[in-house]
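The next block holds one structure in the form of structure tokens; read it before the comments.
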Amino acid sequence: MGFLYANIIVDIAHEKVDRPFQYKIPDALQTILRVGMAVIIPFGKGNRKRVGYVVELTNKAEYDPDKLKEIDEIKTGGVAVEEHLIRLAAWMKEQYGSTMITALKTVLPVKQTYKAKEKRTVRLLLPKEEAQARRWEFARKHNVARERLLAELIQEGELPYELITGKLNVTAKTIQALQEQGILAIDTKSYYRNPVTLQASVDEKKTLSEEQEAIVTDVLSSYREGRPGVSLLHGITGSGKTEVYMELIAGMVAQGKQAIVLIPEIALTYQTLLRFYKRFGDRVSVMNSKLSQGEKYDQCERAKKGEIDIIIGPRSALFTPFPNLGLIIIDEEHESSYKSESMPKYHAREVAIELASYHGACVVLGSATPSIEAYYHANNGHYKLFRLTKRLTGGVLPDVYTIDLREELREGNRSIFSRKLQELIQDRLEKKEQIMLFLNRRGYAGFVSCRACGHVLKCPHCDVSLSEHRNGKMICHYCGYEERKASLCPSCGSKFILGFKAGTQQIEDVLHTQFPQAKVLRMDADTTKSKDSYEEILSAFSNKEADILVGTQMIVKGHDFPDVTLVGILAADLSLSANDYRAGERTFQLLTQAAGRAGRGSKAGEVVIQTYQPEHYSIIQAAKQDYEAFYEEEMMYRDLLLYPPAAHMMSLLVISRTEETGAKLADRLAACMKSYMIEKKAVIIGPAPASIGKINDMYRHVIYVKHKEYAVLTQMKDRLEEWIEQMELKNEAVQFDFNPMNTY
Ligand code: ADP
Ligand code: ZN
Ligand code: ZN
């Protein structure tokens, strides 16, 4: 006996219809309809056919059953959402603010089923002697193609269909003829698309160090005793974290459980994956943005059916539908790419912990520079803290010099390289050792301005300056707008209009004049546009095709370069000047990671940090590589100013077609919030235009609220959502962001 009614979320992303609607289940569907299925329903006054997702089955009618509409059918080719994931979507909607359907679609990696791929093989049916006889018969009749095919089949027994039609040049018609004569059979086997094309496993298991062993034992025994929990693994790169992950996974797989491994998309390199494949063979698969929809679909099917135990991927790999999830690992947990930039703006760490609680699974976070949040929870005892203190790859921590750029200027050095750095670059070039130069910002800050009047050329659609590129064009990096570089100033008509070259390009140019013998590679948003260029540049550098690698954030991750003995950080404080409560944290992380690239091999390394703020604690502690000391100071600052994790923060971004309506709406929302928040003693900041006031012709205003309790903020959000629904906005939209990674 099935259920009579189904509560259904309609596939329309609008606040007005953002609730379940009840439908009658027709008799024919009563025993087959399941929670999570996609169905076709008549909706609204005109009974238009819409897609919906069943979120609940019940025998209790919420309205007069005679007035309920009936479900038409189960959507053919629709993908069902697993029940755990529906629960997770509901939690995300509540926690982060979005419509239920948007949340459902976030947890559904593919929306449509894809036909399985098929593989055909041709098999000889006759005994060998008999086949030989037929073969001579064909030869006599000059049936060359038939003779050729039979000769091969006698030798091989069976052959892939494509090989016969391809390399053997036998037509499909000929194969069919032989099939009809009962000489051969065509077998069709369906299989899943497998993005992993590496060979089977070679067990690479290492004997764990005592430190590593202790962690593995602790996590696995807590799991077995029914206390899965969250663990934070604090250990520098090369301290053996990945080895611990693999041992934990092996422990889970041995108990019939599955594991999800999240790594930042940029670190999803061949090298990383290879390590997992070597250990776990074809029980591992990968999920990333390069996969086709069909490939993604098949990975979900393989996960559901138990064909794989481990999935590796970025944020969205969390939603792989494993039936018996035992472990979620988040490597480099401090990375900002774990936070989604579209609604619902969820953080993978929080979602992982929620999802793990449904399965009774463990969560393991790993980082050399943990996020302040994670470390805070570890300090409070919410997470278990483990440390890995030794670098297993050898090499010692590098010597670090902090150079005050103001002093350089006072002493007459106008170069972008301090004297110390110049001296060390020269030294390394002579010794034929490698150098990495790191610029702490995206490479394309090259804006164009007029020397006569100071006018800066801006994108007509966004509130940002255009950047000059080598091809004589000016480009907006927010919306892609392009124009030819102006020859006269549009404001005063002067011809002294000048581009300030993008940071990394400028460094490359200076290197060419100052060190003409050096071979330089550059890595930034411009040089890594094509799909494989990132890997190509890194492997060229790794093969010692260049002496110096210049780049942005990107170069601090990925490969290990044992011959790099000098790292220069050219302007350490550019990320501090950003008006952002996470600026100190980000600077510390970047500097520590960049510095950690020196001296990985047998030769000792040196690091030069150039800065205008040598007294800033994030720079001082990064130079000392002292995470604890940094954490203490950073937490003091956040406590004082009530920033996360000392308190919680909700931001409201109002996006509008015109500036006035946006400002007005932001004012109204802020007033509503203030009346509600006074009794709750929350801190409200704004409304104010966002720091980038316009993107893509849409204006942006922002309001922040801070409170110690997350629940107070979600209640506020629920209220606001109701107000917003009643306002029936047409030209404005409001987005929530909890504990944002960047201020707006
Ligand atoms: P992390 O993930 O912290 O960067 P890895 O797990 O990649 O560290 O380990 C760094 C290097 O040390 C790797 O080459 C790895 O193979 C090696 N390694 C890790 N654990 C051991 C061990 N117990 N015995 C020998 N080598 C190890
Ligand atoms: Zn633009
Ligand atoms: Zn001008």
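Tabulated results
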| read-out | value |
| --- | --- |
| Which of 66, 532 is most accessible, then next, and so on - probe 1.4 Å | 66, 532 |
| Cβ charges +1 (Lys, Arg) and -1 (Asp, Glu), total dipole of region 82-123, debye | 500 debye |
| Counting DSSP beta bridges with both ends in the chain, the antiparallel % (nearest 5) | 55 percent |
| Relative contact order for the chain, counting Cα pairs under 8 Å that sit 6 or more residues apart, in percent | 10 percent |
| Signed unit charges on C-beta, dipole axis of the chain, positive-most listed residue 271, 594, 637 | 271 |
| Potential extension, residue 456-residue 49 segment - 0.36 nm per residue separation minus Cα distance | 141.3 nm |
| Cβ charges +1 (Lys, Arg) and -1 (Asp, Glu), total dipole of the chain, debye | 1780 debye |
| The chain - mean residue ellipticity at 222 nm from DSSP helices (-39,500 (n - 2.57) per run, n ≥ 4, rounded to 500) | -10500 deg cm²/dmol |
| Sequence of 450, 479 when ordered by accessible area, the most exposed leading, probe 1.4 angstrom | 479, 450 |
| Difference of contour (0.36 nm per residue) and Cα-Cα distance, residue 121 to residue 657 | 187.0 nm |
| Given charges at beta-carbon only (K, R positive; D, E negative), |dipole| of region 546-658 in Debye | 420 debye |
| Region 210-388 - accessible surface per residue (Å², probe 1.4 Å) | 33 Å² |
| Region 88-133 versus region 589-606: alpha-carbon centroid distance in Å | 44 Å |
| Neighbourhood net charge (10 Å Cβ-Cβ; Lys/Arg +1, Asp/Glu -1) for residue 162 | +3 |
| Percent accessible area from carbon and sulfur atoms, region 117-191, protein chains only, probe 1.4 Å | 47 percent |
| Positive-end residue, region 593-726 charge dipole about Cα centroid, Cβ charges, pick of 619, 650, 666 | 666 |
| Global geometry of region 648-738, whether rounded, prolate or oblate, following the gyration tensor of its Cα atoms and the 1.5 cut on a/c | prolate |
| Straight-distance crosslink candidates among aspartates and glutamates, where the alpha carbon sits under 16 Å from residue 485 and sequence neighbours closer than 8 are dropped | 468 |
| FRET efficiency estimate (nearest 0.05) - Cβ-Cβ, residue 723 to residue 685, R0 22 angstrom | 0.65 |
| Partnerless Cys - the chain, beta-carbon criterion under 4.7 Å | 300, 362, 479, 672 |
| Å² per residue, accessible surface of region 648-738 at 1.4 Å | 49 Å² |
| Förster-model FRET efficiency, 22 Å R0, residue 336 and residue 290, C-beta, rounded to 0.05 | 0.60 |
| Span from the region 306-357 Cα centroid across to the region 691-744 one, whole angstrom | 25 Å |
| 12 Å cut-off, amide nitrogen to a point 7 angstrom out along residue 179 Cα→Cβ, residues in region 92-133 | 120-123 |
| Accessible solvent surface per residue of region 23-120, calculated while the other protein chains remain in place, 1.4 angstrom probe, Å² | 54 Å² |
| Radius 11 Å from Cβ of residue 717, net charge of other residues (Lys, Arg +1; Asp, Glu -1) | -3 |
| Of the trypsin sites (Lys or Arg not before Pro) in region 256-336, those whose Cβ has at most 12 other Cβ within 10 Å and which sit in DSSP loop | 290, 305 |
| Carbon plus sulfur fraction of accessible area for region 210-388, probe 1.4 Å, in percent | 48 percent |
| In Å², nearest 10: area of residue 161 left accessible to a 1.4 Å probe | 20 Å² |
| Positive-end extreme of charge dipole, region 361-482 - chosen from 361, 412, 464 (charges on Cβ) | 361 |
| Simple spin-label estimate for residue 641 and residue 30 in nanometres, 7 Å along Cα-Cβ | 6.3 nm |
| Alpha-carbon centroids, region 615-684 and region 371-444: separation in whole Å | 28 Å |
| Among 698-707, 174-183, the order from most to least packed when residues are scored by Cβ within 10 Å on average | 698-707, 174-183 |
| Exposure rank, largest accessible area first [627, 63, 481; 1.4 Å] | 63, 481, 627 |
| Accessible area of region 648-738 belonging to carbon and sulfur atoms, whole % at 1.4 Å probe | 50 percent |
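The values are calculated or read from the model by the stated rules, or taken from the named source; none is laboratory data. Since the model is a prediction, treat every value here as computed from it, not as a measurement. Ideal geometry is used to build each Cβ from the backbone, glycine not excepted, and the neighbour counts take in all protein chains shown. Surface accessibility is based on the protein's heavy atoms, side chains included, excluding ligands, DNA and RNA. Shrake-Rupley method; radii C 1.70, N 1.55, O 1.52, S 1.80 Å.
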